[in-house]
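> Have a look at the structure that comes next, please.
The values are calculated or read from the model by the stated rules, or taken from the named source; none is laboratory data. The shown structure was predicted, so the numbers you read here are calculated from the model rather than taken from an experiment. Don't worry about glycine lacking a Cβ; one is built from the backbone with ideal geometry, like all the others, and counts go over all protein chains shown. Heads up: the accessible areas ignore ligands, DNA and RNA and are worked out on the full protein's heavy atoms, side chains in. Shrake-Rupley method; radii C 1.70, N 1.55, O 1.52, S 1.80 Å.
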Amino acid sequence: MFGATEYLVLGSILFALGLVGFLTRRNLIVIFLSTEVMFQGVVINAVAFARHHEHLEGQSFALFLLVIAAVEAGLALGMVVMLYRRKGTLDAEAWSLMRG
Amino acid sequence: MTSAAAYMLYLVFALGGVGLYLLLPKAGVRQTFAGAIIGLLAVVGLILVLATQIIGPGSSAGFFYLFAVVAVLAAARVITHPKPVYSAVYFVLVVVAVTALLVLMNAEFLAVALLIIYAGAILVTYLFVIMLAQQSGSPVYDRRSREPFWAVLAGFVLMAAVAGRAGDLPPSVADASESATATAQSDQPGNTSAIGAIIMTKHIVALEVAGVLLLISMIGALAMVRKELPVETLEPPPKPLGQIGREVQPF
Amino acid sequence: MIEFLTSQLGVSIILTVCVLGALLGAVAYCIYFERKISAWIQDRFGPNRVGPRGLLQPIADGAKFLLKEDVIPGHVDKPLFVLAPASIFLVAFIGFAAIPWGGQLQLGDNLVNIQVANPDIGLLYILGVASMGVYGIVLGGWASNNKYSIYGAIRATASMLSYEIPMGLCILVIVLTMGTLRLEQITVLQTGSWLGFIPQWNIFLHPLAFIILFITALAEANRTPFDMPEAEQELVGGYHTEYSALKFGMFFLGEYAHMITASALMAVLFFGGWHLPWIPWTQADAHQWYAVLAKILVISGKIAGFIFLMMWLRWTLPRFRFDRLLWLAWQRLIPATLGLFVLAVILVYTGNHQSPLWALGGNAVILVIMLASGAMARREVTGRQGNLPRTLPADTRGFVGSPSS
Amino acid sequence: MIPDEDIIQLEAPQLSSPERLYLPQIVDGMRVTLAHLGKSLFKETMTVQYPEEKRDLRVENYRGVHRLNRDEKDRVACVACFMCATACPVHCIHIEGGESPWEDREKYPVKFDLDELRCIYCGMCEEACPVDAIELTHTYDLVGRSREEMILGKEELLAIYDATKAEKPRKNPRITGYPGTGNPSAAGPSLAGGNPS
C-alpha cells in the first residue's frame, strides 16, 4: 500500500517553498501567490491524513481550507488594488511607510 | 522512516535549498542556470530517496512521482520567476498537479472543488489584478529578493523538521462506526455524498461559520476598494440652463 | 483482443477516438453553418463556391489555416503567446469525456456505457474543465502586449467570473432535483413520462433555470450578444487580434467546441439527453445497436437544435454594453437563480421535487417577482443625461440647434 | 453665438415596462430574422452570381475604362492636342505628340499613356476632346497584377476600342483634321499602311 509518508513529505516541501516565497519576494501579488502555495501543501497534508486514518474529517477540513483560501484571496487582492491605487506600485515595502 | 532515510532527505533538502537560493532573483550576476541544475539534482535525489528508502523498491507509483515532480518544480518557479504573470501560470500548474494527486488519494470531490475554486476563480482573479496593475518593464522589486539567504535557510530547516518526522505516523484511528471511508468503492456513490453527509451533519456549525466568514470578507473587500471620491465631483458641475451654449464660438 | 474491445475500457478508447474525430468535423461544419445561417438571415447565399452548395468550404478553410504564415509579432511574450491557443483548444475538447452519448450497449455478455468516462463527479468535472477555459483568453490577451487584446482579456475575465455564478446555481437546481452528479444517471432519471405523453424532462420542471442556463452558456462561450471580449467593432478582435494562421484557428475551433459542450450539457440536464419520447423500447431492445444508434442521433439532434438557436440569436441581437452585461448577471440573474435554488431546496425538503405542478408554480412565482421588480425598477441615468433638466421647454421645436430667426 | 431659445433640451425616450424586460423585444427580433431565414431558404434571393451572370447596366452613360477611337481609315483619331491632359483633374494622361504622317492633320500621338489607377473616371477628357478620340467605355472589370500593368499605352487603348466598338459605337466625329482640309470622308489618301501607330 502506497502510504501517507511521501504525500506528507510533498506537502511539507510545498509549504516550505511557499514560506520561502513569502519571505523573499517583494511583489505583493507574488507574496499572496506564495501563501496559496502553502495552502496547497496543507491541503495535501490534510487529505493524506484523511486517507491514513480512513475517514473523511481530513477532507472536510481541506474543504474549509479552500474557504479560507478564497477569503484570503479576496481580501489580499483588495489590498493589492488599494496599494496600487495609492502608491502606484506593487512593492510590499511601500506599506512600511504607513508605520506611525 | 529509518534514520538513514531521514538524513538522506536532509541532504536532498540542503541541495534544494542551495538551488533555490541561486534561483531567487538577486542583484548582480545571474546564477539561474546553476540554480536550475542543482535544483533538478535535488528533485532527482528526492525521487530516489522516496523510491528506495520510504516506499520501498519495486513499488510502482509512477503517477505520484510525475505529479509530485510537476508540483514541486512549478512551486519553485512560482516563487522564483521575476514576472508575476508567470508565477500565476505556474501556480495553475501546481493546482492541476495537486488535483491529480488528490484524485490518486481517492478524493475526487475535493480535487474537482480545488480545480473549480482555485484554478477557476481565485487564480483568474489574481490574473485580473495583475493585468489591472500592469507595469511597463520589470520593476526593481521583482528583480531583487528580500534576504534570500536567511529565508531559504529558515524555509528548508522547517521543511527538514517537518518532513523528517513524516514517517512517524500515528496508528490509524479508523473505527467501524465511520464506515464512509475514503477508499475507492466503484459501485458505491463515491465519496461525494459521504463528504456532503459529514459536512452537513457533524461540521454544520463550521459550515455556517465559513459562510459568515465569506460574507464578511466580501463586505470587507468591497469596503476596502470602494472609491473614496464621490462620483459627482469628478465632472464639472452642470451649468445653469442659460449658460449651456455660451462656449460655442461663432465661425 | 475481442474481450478487450468489448470491455468498458476498450469501448472508451474507441469512443474517445470517434468522438474527437466527429467533434473536429462537427466544429468545422459549425463554422460552415454559422456562415450559411447568417447569410440566410441576411438574404444572401453564403459560401457556395467550394464543392456542391459550398459543403467543402470547411476543408478549404482548414487548408488555408494550415498553410498561412504563422506570425509571432516581435513585441509579444512568446511562451504565453503560444500557450494560450493550445490551452483553449485542449480545454474545449476534454470536456466531452463525461457526456453520455447513447445509454448502454450490449456487447456479448458485457453492458458497456457509450460514454468515455462515467465518473461519480461527472457534472463537476465538466464545470471544472469549463472554468479553465478563461485562461486561454486571459493569457492570449495579456501575452499579445496590445491595448485591444488586454481590454478583451479584462472583459472576458470579468464576464466569465460573473456568469459562472448563475450557471453553477442553475446546475445546482438540477442536481438537487435529480440527486446525483452522474450525467448518465441524470439522463436515465428523465426517461419517464407524465400523463403518458409528456416526457419527464427537467425543462418541464424548471423552465426558468433552463433559460438562465442558456443565457449564461452564451456568455461563457463568448457568443453574441455577450461577445464583448472580441467585439470586432471596438476592439478589432479582442484577445485574438495578434493571432494568425493555425493559432487563430485554434481559438476559433475552441469557441465552437465550447458551444457544442454547452449544448450537450443543456441537452442532458434539461432535455433528457438521448431520451426519445413516445417510443417504448422493450427491455430487450434498449441495449441493442439500433437503439444506441437512435439515441446517439437523438442527442446529436438536440445539440444541433441548441447550436442553431445560438446562431439564430447571434444574427438577431446586437451586443450588450459591458456595464449592462455585468448588471444583468449580478442584479438580475444571480437573484433569480438564488430564488430558484431556494425553491429547489424547499421542493426537495417537502418531497415534491418531481412534481411539475409544484415546480412550475414556484417558477411562475419567481418569474412574476423578477418581472415586477424589473418593471418597477427606476431607469438608470447614465452619462451626462443626469445633468440635464428633466422637463422640456414649452415651445419645443423639432430639431436641436434649429437656425435662429 | 447660439441664442438660448434655440437650445432645446432633449431627453432620451424612456423605455416602456415591457421593453425594459428585454424578452418580448428579443422574441420579436427573432421572429423577424426567422422570417428572413425562411424566405432565403424557400424563395429566390436577389443575389447576382457575379462572374457567371452580369447585371445589365442601369445607366447608359456609365463611365468605365477608356479607349482611343480609330477613324474610318483605322488610324488613331487623336490629334495630340493635349486638351484631355489639360482637362484631367488628376493628371493621369501623358501624351507625347509628334508630326503626323498624314496630310489631313498636323500632329498625332507618338505616345499616349493613361494611368487607370490614378483616374477617377470623371469623363472630363471625353468632354474636352475636340475630335471625340478618347471615350469611356462600359467596361468595369479592369484588373491587373502590378501598378505598371495598369498604365495603358496607346496600343492597349486602341485594342479596347476594337473590343468594345460593337457594343458602344463611336459617336459621330465632330471634326477630324483641320477645317480647311475637308471632312474625313473627303480627306486625301493616307500613307501606305494607313496606320502607323
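> Quick one: count up the residues across region D:122-146 that are under 15 Å from D:N61 (Cα atoms) and exposed (fewer than 14 other Cβ atoms within 10 Å of the Cβ).
The qualifying residues number 2.
> Tell me, yes or no, whether region C:198-220 has at least one residue that is modelled with pLDDT of 80 or more, over 23 Å from the mean Cα position of the chain (by Cα) and not in a loop (DSSP other than H, G, I, E, B).
Taking every residue of region C:198-220 in turn, at least one turns out to be modelled with pLDDT of 80 or more, over 23 Å from the mean Cα position of the chain (by Cα) and not in a loop (DSSP other than H, G, I, E, B).
> Quick check, is B:A100 more than 7 Å from every other protein chain (Cβ to nearest Cβ) and open to solvent by 10 Å² or more (accessible area, probe 1.4 Å)?
The answer is yes for B:A100.
> Are there any helices (runs of 4 or more DSSP H) wholly within region C:269-353 with 2 or more residues that are free of Cβ contacts under 8 Å to residues at least 40 places away in the same chain and among the β-branched types (V, I, T), and if so which?
Because the criterion is at least 2 residues that are free of Cβ contacts under 8 Å to residues at least 40 places away in the same chain and among the β-branched types (V, I, T), the helices (runs of 4 or more DSSP H) in region C:269-353 that meet it are C:334-350.
> Could you go through region A:78-89 and let me know if any residue there is open to solvent by less than 10 Å² (accessible area, probe 1.4 Å), without any contact (Cβ under 8 Å) to a residue 12 or more places away in the chain and closer than 21 Å to B:V129 by Cβ.
Within region A:78-89, one or more residues are open to solvent by less than 10 Å² (accessible area, probe 1.4 Å), without any contact (Cβ under 8 Å) to a residue 12 or more places away in the chain and closer than 21 Å to B:V129 by Cβ.
> Another question, then. When the residues of region C:156-185 are filtered to those that are assigned to a helix (DSSP H, G or I) and over 19 Å from the mean Cα position of the chain (by Cα), which remaining residue is farthest from the other protein chains (Cβ to nearest Cβ)?
Across region C:156-185, the extreme among qualifying residues is C:T177.
> Could you tell me whether region D:85-93 includes any residue that is out of contact with any Cys (no Cβ under 8 Å at 6 or more places or on another chain), modelled with pLDDT of 85 or more, in the same structural domain as D:L158 (by TED's automatic domain parsing) and open to solvent by 80 Å² or more (accessible area, probe 1.4 Å)?
yes
> Against the definition (at pLDDT below 70 and closer than 30 Å to B:R144 by Cβ), how does B:V12 come out, yes or no?
Against the criterion (at pLDDT below 70 and closer than 30 Å to B:R144 by Cβ), B:V12 does not qualify.
> Same structure again: Looking at region A:23-45, is at least one residue hydroxyl-bearing (S, T, Y) and facing chain B (nearest Cβ under 7 Å)?
Scanning region A:23-45 turns up at least one residue that is hydroxyl-bearing (S, T, Y) and facing chain B (nearest Cβ under 7 Å).
One line per residue, one yes/no per condition, for (1) open to solvent by less than 10 Å² (accessible area, probe 1.4 Å); (2) touching a helix residue (DSSP H, G or I) at 6+ places or on another chain (Cβ under 9 Å); (3) modelled with pLDDT under 70:
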site: B:Y118; (1), (2), (3): yes, yes, no
site: B:R144; (1), (2), (3): no, no, no
site: B:P148; (1), (2), (3): no, yes, no
site: B:G167; (1), (2), (3): no, yes, yes
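> Give the number of residues within region A:6-36 that are surrounded by fewer than 24 Cβ atoms within 10 Å (Cβ to Cβ), out of contact with any Asp or Glu (no Cβ under 9 Å at 6 or more places or on another chain) and of a type in the set (V, I, T).
Residues flagged as surrounded by fewer than 24 Cβ atoms within 10 Å (Cβ to Cβ), out of contact with any Asp or Glu (no Cβ under 9 Å at 6 or more places or on another chain) and of a type in the set (V, I, T) within region A:6-36 amount to 1.
> I'd like to check something: does region B:94-106 contain any residue that is modelled with pLDDT under 85, touching a Gly at 6+ places or on another chain (Cβ under 8 Å) and either assigned by TED's automatic domain parsing to the domain that holds B:A36 or at negative phi (or both)?
The answer is no; no qualifying residue exists.
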